[in-house]
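Trainee: Below is a structure I'd like to ask you about.
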Amino acid sequence: MSGSQGQDSACSLDQPSKNVVATETKPKKRICCACPDTKKLRDECIVEHGESACTKWIEAHLSCLRSEGFKV
């Protein structure tokens, strides 16, 4: 019986580590509140110059969102 107890405790140790990994990859903010600096630059550029002229700022904002854990 002591062998099965060792397996039970090993299984219970595996479960919390999986939960920790899952919570680390989830974004901590809502997407509308993440990366306000790049969002502002992107939006101002699009209003003034149009979307096609602002790919640099659009990509910078997407990169920032990805670094925050969003899949965009």
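The values are calculated or read from the model by the stated rules, or taken from the named source; none is laboratory data. Predicted, not measured: the structure shown is a model, and the values here were computed from it. All Cβ positions, even for glycine, are placed from backbone atoms using ideal geometry, and neighbour counts span all protein chains on display. The accessibility values were calculated without ligands, DNA or RNA, using every heavy atom of the protein model including side chains. Shrake-Rupley method; radii C 1.70, N 1.55, O 1.52, S 1.80 Å.
Trainee: Find the residue count for the stretch 39-71, including only residues that are on the phi < 0 side of the Ramachandran plot, free of Cβ contacts under 8 Å to residues at least 40 places away in the same chain and not in a helix (DSSP H, G or I). Explain how you work it out, then say what you get.
Mentor: So the first thing to find is which residues in the stretch 39-71 are on the phi < 0 side of the Ramachandran plot, and the list is 39-49, 51-68, 70-71.
Those still in the list that are free of Cβ contacts under 8 Å to residues at least 40 places away in the same chain too: 39-49, 51-67, 71.
This time we only want the ones that are not in a helix (DSSP H, G or I), so: 54, 71.
Of the residues in the stretch 39-71, 2 are on the phi < 0 side of the Ramachandran plot, free of Cβ contacts under 8 Å to residues at least 40 places away in the same chain and not in a helix (DSSP H, G or I).
Trainee: Now a separate question. Quick test for you: out of 67, 63, pick the one residue that is open to solvent by 70 Å² or more (accessible area, probe 1.4 Å) and at pLDDT 95 or above. Walk me through how you get there before you give the answer.
Mentor: Details: 63 fails: open to solvent by 70 Å² or more (accessible area, probe 1.4 Å).
Answer to the check: 67.
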